[in-house]
Amino acid sequence: MPTSPLKAATAAIALAVTAAPAALWAEGEVNLYSSRHYDTDEALYSDFEEATGIRVNRIEGNADELIARMEAEGQNSPADVLITVDTSRLTRAKEAGVLQTIDSDVLERRIPGYLQDDENQWFGFSQRARIIFYDKNDVPHPPATYADLANPEYKGMICIRSSTNVYMQTLLASVIAHEGEEAAKAWAEGVLANFARDPQGGDTDQLRGIVSGECDIVLSNTYYFGRAIRTDVKGVTEAMDQIGWVFPDQAGNGAHMNLSGAGVAANAPNRENAILFLEYLASDQAQKYFSAGNDEYPAVPGVGLSPSVAALGFFKPDDVDLSDVAGHLPAALRIYNEIGWK
């Protein structure tokens with residue numbers, strides 16, 4: 001009996017997890033709703049199209065807007081895949097009912113369990129560590145842990161993002177997962193007391209604050225700094241020698257990790273192609289694109305790092321189950337509001 005197009009495509013994707021994908025035998029299209037806005041992702045899409053014959057159609061936008069759009073479209077939604085960043089947004093999509101549970105031996109084998117939704121509604125495909133950066137000229141003894149950021153010795157030295165930022169929400173949720181709500185609230189109050197300024201700007205702005213002298217210690221995702229290593233980022237690259245970094249909690253839980261992930265839409269009209277696309281994102285080739293193109297850490301163990309990422313050094317990541325962290329997001333938001341973290 002001839003091999004079906006779907007089975008042949010699935011087999012070829014499975015082969016592609018250790019090599020560049022060969023020609024597959026599929027057809028049709030896959031519709032992506034994506035809040036990733038990186039030009040380097042173009043190679044991901046074009047290579048998938050070349051390997052599979054499946055045309056990739058994209059709608060790009062803000063994650064919350066895309067989730068709301070999928071809700072409004074309901075059963076008539078053309079979306080096959082939602083791609084976004086951070087556990088909080090993936091959880092938001094799941095709670096909104098716009099994702100579905102899938103079964104994939106490839107994804108189960110390739111993606112570590114702690115980077116998967118516990119009901120297989122989303123999977124992480126790349127990671128960013130949220131770590132401490134500091135002014136080497138002014139901070140001889142930088143914080144070694146996230147807990148240290150609340151120490152009074154750093155009063156007036158810390159710049160950090162708003163509580164509305166998803167990275168900050170997930171970080172506090174992870175503190176709750178490890179330490180409980182009471183300890184997490186005390187930590188957040190201590191960090192708040194050490195602010196050098198009210199929260200403002202993105203992660204690159206925090207790094208620029210070190211260079212300008214406004215900030216001594218900041219939190220940032222690693223890929224913002226990796227980008228400044230790989231290419232010219234105004235206000236950061238020219239002063240790289242001034243900036244030091246610490247991967248926190250190396251004797252404890254490890255450095256907090258954010259992720260970029262995706263799931264199959266609840267009403268996906270091209271469900272099989274959507275699963276094939278997610279499996280492609282777990283291939284070695286796609287994983288290398290995440291690192292080389294956007295200075296991220298691959299989600300699949302053993303995939304090599306790009307020079308800009310490797311330059312930061314090796315470290316112990318926090319392998320807390322991100323589904324567990326997601327469950328503490330409402331408490332994290334409540335704590336930020338209670339203490340007046342803007």
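Any read-out appearing in this document is the output of simple, stated calculations on the displayed coordinates, not a laboratory observation. Please read these numbers as outputs of a predicted model, since none were measured by experiment. With ideal geometry, Cβ positions are generated from the backbone for all residues, glycine too; neighbour counts draw on all protein chains shown.
On full extension of the chain, what length is gained from ASN57 through ALA43, given 0.36 nm per residue of separation minus the C-alpha to C-alpha distance? Write out the running numbers ahead of the final one.
Numbers: separation 14, 0.36 × 14 = 5.04 nm, distance 1.39 nm.
Length difference between fully extended and current span is 3.7 nm.
Once you have the Cα-Cα distance between GLU29 and ASP232, take 0.36 nm times their residue separation minus that, and quote the gain in nm to one decimal. Don't jump to the answer; show the numbers that get you there.
Values: separation 203, 0.36 × 203 = 73.08 nm, distance 3.67 nm.
The span from GLU29 to ASP232 would gain 69.4 nm if fully extended.
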Hull volume per residue for the range 157-198, using the convex hull of the C-alpha atoms, in Å³ is 61
List every residue whose amide H lies under 5 Å from the amide H of HIS256, counting only residues 5 or more places away in sequence or on a different chain, with H placed 1.01 Å from N in the peptide plane. ARG130, ASP318
Mind giving me the nanometre distance, one decimal, between the label points for ALA251 and ASN137, set 7 Å out from Cα along Cα→Cβ? 3.1
Cα shape, the range 46-87, gyration tensor, a/c 1.5 rule: oblate
Based solely on C-alpha atoms, express the radius of gyration and the Dmax of the range 212-314 in angstrom. 17.0, 53
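Please go through the residue pairs LYS288/LYS342; LYS234/LYS288; LYS136/LYS342; LYS94/LYS234 and name each one whose alpha carbons sit more than 32 Å apart in this structure.
Working: LYS288/LYS342 37 Å; LYS234/LYS288 26 Å; LYS136/LYS342 28 Å; LYS94/LYS234 37 Å.
Table pairs above 32 Å Cα-Cα are LYS288/LYS342; LYS94/LYS234.
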Nothing charged except the Cβ atoms of Lys and Arg (+1) and of Asp and Glu (-1): what's the magnitude of the dipole of the range 146-185 about its Cα centre? Round to the nearest 20 debye. 200
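Kindly identify the range 102-153 as rounded, prolate or oblate by the Cα gyration tensor criterion: order the square roots of the eigenvalues as a ≥ b ≥ c, call it rounded if a/c is under 1.5, otherwise compare a/b with b/c, prolate if a/b is larger, else oblate. Spell out each step's value before the answer.
On the way: a/c = 5.39, a/b = 3.30, b/c = 1.63.
It is prolate, given that a/c is not under 1.5 and a/b is the larger ratio.
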Span from the the range 104-125 Cα centroid across to the the range 257-301 one, whole angstrom: 10
GLU338 versus GLU71, label points 7 Å from Cα toward the beta carbon: distance in nm? 2.6
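What trypsin sites (Lys or Arg not before Pro) in the range 199-285 are in a loop by DSSP, with at most 11 other Cβ atoms within 10 Å of the Cβ? Please list the in-between numbers first.
Numbers: sites: ARG208, ARG227, ARG230, LYS234, ARG271; in loops: LYS234.
Answer in residue order: LYS234.
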What residues of the range 49-64 lie in the reach of a label at THR164, counting those whose backbone N is under 18 Å from a point 7 Å from the Cα along Cα→Cβ? 62-64
I need the shape label for the range 100-245. Rule: rounded when a/c is under 1.5, else prolate if a/b > b/c, else oblate, with a, b, c from the alpha carbon gyration tensor. oblate
Please identify the longest segment of the chain free of exposed GluC sites (Glu not before Pro), where exposed means a DSSP state other than H, G, I, E or B and no more than 16 other Cβ atoms within 10 Å. 215-342
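What 222 nm value per residue comes from the helices of the chain, counting each DSSP H run with n ≥ 4 as -39,500 (n - 2.57) and dividing by all residues, nearest 500 deg cm²/dmol?
Details: 14 runs with 137 residues, N = 342.
Only helices count here, giving -11500 deg cm²/dmol.
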At 25 °C and 0.890 mPa s, grab the translational diffusion coefficient of the chain from Stokes-Einstein with a Kirkwood Rh over Cα pairs, rounded to a whole number in µm² per second. 118
